[in-house]
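Trainee: Got a structure for you, questions after.
The values are calculated or read from the model by the stated rules, or taken from the named source; none is laboratory data. It should be emphasised that the depicted structure is a prediction, and the values quoted were computed from it without experimental measurement. For neighbour counting, all protein chains shown are included, and Cβ atoms are generated from backbone atoms with ideal geometry for every residue, glycine included. Remember, those area values only see protein heavy atoms, side chains included, never the ligands or the DNA or RNA. Shrake-Rupley method; radii C 1.70, N 1.55, O 1.52, S 1.80 Å.
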4 protein chains.
Amino acid sequence: MADKTTEDILRRLKSVEGHVRGIERMVDEGVYCVDIVNQIVAVQRALKKVSGLVLDRHLHSCVTTAIKSDDDESRERVLTELMEVFEANGKA
Amino acid sequence: MADKTTEDILRRLKSVEGHVRGIERMVDEGVYCVDIVNQIVAVQRALKKVSGLVLDRHLHSCVTTAIKSDDDESRERVLTELMEVFEANGKA
Amino acid sequence: MADKTTEDILRRLKSVEGHVRGIERMVDEGVYCVDIVNQIVAVQRALKKVSGLVLDRHLHSCVTTAIKSDDDESRERVLTELMEVFEANGKA
Amino acid sequence: MADKTTEDILRRLKSVEGHVRGIERMVDEGVYCVDIVNQIVAVQRALKKVSGLVLDRHLHSCVTTAIKSDDDESRERVLTELMEVFEANGKA
């Protein structure tokens with residue numbers, strides 16, 4: 001998985017990690033609550049972008065393979081999983 | 001801000017940071033996409049909980065003070081900010 | 001409650017109602033799934049706007065009154081309710 | 001599209017329509033803001049369920065057909081659309 005998307009995903013996760021550390025400092029220093037909440041919102045958006053990249057790769061790999069294979073069971077499993085991810089993501 | 005809520009918020013942010021590092025490892029090791037997305041969803045939920053704690057403290061401190069203070073302008077500013085946070089949070 | 005905000009809220013809800021009826025027709029006529037989902041997303045955004053208006057009025061009336069009154073219990077109740085609304089809205 | 005899922009989707013949309021009319025009455029009668037917001041949240045959840053049903057049918061029909069069809073262009077279009085729906089839904 002050392003392709004370009006993987007590198008992009010890892011780079012974004014590292015940035016999220018640094019962002020969260022920055023928020024810890026803000027909390028520690030008693031920064032204004034609203035500014036902290038806004039930074040948390042920014043991290044949540046960054047994570048949504050990462051989910052999107054992972055999901056896009058999933059659609060182009062596993063989902064495409066499972067649907068192309070005439071194995072009804074694995075196709076059904078992959079589509080059910082996809083619906084669960086959609087729902088979980090909508091509530092996250 | 002060395003009170004109990006601050007400690008709780010910091011503890012949760014540290015846990016989010018570790019969780020994100022764990023997801024980086026999963027991506028690196030080529031773990032199944034759906035499992036990665038589910039872990040990202042879990043982190044987003046944890047962050048929502050942190051936002052809630054920060055916001056709850058904000059309501060009990062700054063918002064309460066501004067509303068009690070008969071200063072119409074600062075009350076208005078605090079309520080406008082609150083609505084912005086509410087909207088940003090709904091779209092995060 | 002026959003003020004301007006109430007009229008605005010009612011007008012928006014009537015528009016949502018008409019929008020939903022339009023989606024029913026689309027489903028009935030077998031319109032492309034993605035177009036239907038996009039219309040549902042548009043209705044959800046319209047409803048979010050309505051929630052915002054109702055909440056904004058709530059902050060300026062009940063919440064302000066409860067916080068100004070030195071009744072700790074009613075202030076606490078109003079703030080707890082507000083946090084519940086925030087959380088429910090974030091998951092809707 | 002007179003199948004069972006379509007009937008279920010239409011039945012749910014009719015119920016949403018009635019629910020929205022009920023909220024209009026609540027606003028008209030000056031019901032407590034928080035109760036109104038909670039009803040709007042309930043409608044948003046019902047709409048999310050409808051989106052899910054439409055999307056599930058979409059995955060089992062158009063998406064499956066496009067991916068099976070060796071037509072790279074239409075497969076790509078269907079997957080791009082799916083990602084757009086996913087993102088729009090996450091922000092709704």
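Trainee: Name the lysines eligible as straight-distance cross-link partners of A:Lys68: C-alpha to C-alpha under 24 Å, and not fewer than 8 places from it in the same chain.
Mentor: Partners within reach: D:Lys68.
Trainee: Can you tell me the accessible area per residue over the protein assembly as shown, all protein chains present, probe 1.4 angstrom, in square angstrom?
Mentor: 46 Å²
Trainee: Let me ask something else about it. For A:Lys49, which aspartates and glutamates qualify as cross-link partners when the Cα separation must be under 17 Å and same-chain residues fewer than eight apart are set aside?
Mentor: Once the sequence-local aspartates and glutamates are set aside, what remains near A:Lys49 is A:Glu7, A:Asp8, A:Glu17, A:Glu87, B:Glu24, B:Asp35, D:Glu81, D:Glu84, D:Glu87.
Trainee: Let me ask something additional. One decimal, nm, shortest first: give the distances between the label point of B:Asp71 and those of the same position in the other copies, each label point 7 Å from Cα along Cα→Cβ.
Mentor: 2.8, 6.5, 6.7
Trainee: Using Cα centres only, tell me the gap between region D:33-49 and region B:6-71 in whole Å.
Mentor: 25 Å
Trainee: So, one more: Take every residue in peptide A:6-18, count the Cβ atoms of other chains within 10 Å of its Cβ, and give the average of those counts.
Mentor: Mean shielding count: 4.
Trainee: Using protein heavy atoms only (no ligands, DNA or RNA), what is the total accessible area buried between D and C, 1.4 Å probe, nearest 100 Å²?
Mentor: 3900 Å²
Trainee: Would region B:4-91 count as rounded, prolate or oblate if I go by the C-alpha gyration tensor, calling it rounded below 1.5 in a/c and otherwise prolate when a/b exceeds b/c, oblate otherwise?
Mentor: Here region B:4-91 falls in the prolate category.
Trainee: Still on this structure, please answer the following. Under 1.5 on a/c is rounded, so check that first for the protein assembly as shown, then, if it is not, pick prolate when a/b is larger than b/c and oblate when it is not; a ≥ b ≥ c are the square roots of the alpha carbon gyration tensor eigenvalues.
Mentor: oblate
Trainee: Give the ranking of A:Lys4, B:Lys91, C:Lys68 by solvent-accessible surface, highest area first, calculated with a 1.4 Å probe.
Mentor: A:Lys4, B:Lys91, C:Lys68
Trainee: Quick one: grab the alpha carbon gyration tensor of region D:3-54, order the square roots of its eigenvalues as a ≥ b ≥ c, and give me rounded if a/c is under 1.5, else prolate or oblate depending on whether a/b is larger than b/c.
Mentor: Because a/c hits 1.5 or more and a/b fails to exceed b/c, region D:3-54 counts as oblate.
Trainee: Pairing the Cα long axis of helix C:4-28 with the longest principal axis of chain C, what angle in degrees results, from 0 to 90 and rounded to the nearest 10?
Mentor: 30 degrees
Trainee: Using the Karplus curve 6.51 cos²θ - 1.76 cosθ + 1.60 with θ = phi - 60°, what ³J(HN,Hα) values do you get for each residue of region B:66-72, in whole Hz, with x for Gly and Pro?
Mentor: Once θ is set to phi - 60°, the couplings for region B:66-72 become 4, 6, 5, 6, 6, 8, 3 Hz.
Trainee: Ordered by residue, what ³J(HN,Hα) values in Hz, to whole numbers, does region B:54-64 give under the Karplus form 6.51 cos²θ - 1.76 cosθ + 1.60, where θ = phi - 60° and Gly and Pro are x?
Mentor: Those phi angles translate into 5, 5, 4, 5, 4, 4, 6, 10, 3, 5, 4 Hz.
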